[in-house]
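Only one structure is covered here, and it is reproduced in the block below.
Please treat every number below as a calculation from the coordinates, not as lab data. This is a predicted model, so every value here is computed, not measured. Neighbour counts run over all protein chains shown; Cβ positions are idealised from the backbone, glycine included.
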Amino acid sequence: MATTKKTTKTKKSTAVAKKPSTKTPAQMRVIIAKDVLAQIASRRYRPAEGSWVGDSNIGDLEYYVEGRLAEDEKLCKVDASEYVNKVKKCSVCALGAIFMSQVSNFGGVTLTDSRSAYSVFEDLDRSPLKKYFSVSQLELIEACFEGIDGVYSTDMVKSSDRVSAQAYYICHKNATKRMTAIMNNIIRNKGTFVPSQDLTKEMIIEAANLI
């Protein structure tokens, strides 16, 4: 007796395709700024000058990446979300806070060595932060947060912004209040940082006399 080969029906996938985000880069920047404020309020972020990102338990971002690659020879890159998700409490500068909240909300950042971790902040033309923020905005944000001593100091921004950056740093003396003011400014201006809005004429004159 001939046998008939059984056929199986292919089960249709019930997975729903993830729709690409329809939000603009400006809207993404507002989301990032709001998240930074929430993390400051929860004390997970501790705004501090002179440090990109440093967790009290797992260390700085670049050392974490270096350590993960050293412990696993087959590993050629580290998903930044791995670091961000492990952070309990960290010191961050303005760019560090933006990085943490960008990765936390949108992911998509991989690091291949400690140098690439530094490059997130020090090579802005190739930085993943450039996905949502312009290089000039990132430099201005950091200059206002760090003042004259940071990598992106008042000397790094265009001349028309130098006095504003110095005034912002001088007149918001507390690092937490300064970062809070920066993020609120971004939110208020729908994704664009406009430091002059937070400064008085007297503040500008004081800063101009110090440059």
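A full extension of the chain between Glu122 and Glu73 corresponds to an added length of 15.0 nm, given 0.36 nm per residue minus the alpha carbon distance.
Principal axis extents of the Cα atoms in region 25-210, from largest to smallest and rounded to whole angstrom, are 57, 29, 28.
Where both bridge residues fall in region 25-210, DSSP classifies roughly 70% of the beta bridges as antiparallel. In summary, the aspartates and glutamates within cross-link reach of Lys77, defined as a Cα separation below 14 angstrom excluding same-chain residues under 8 places away, comprise Glu62, Glu66, Asp113.
Highest average first, the peptides 36-47, 194-205 ordered by how many other beta carbon atoms sit within 10 Å of their residues are 36-47, 194-205.
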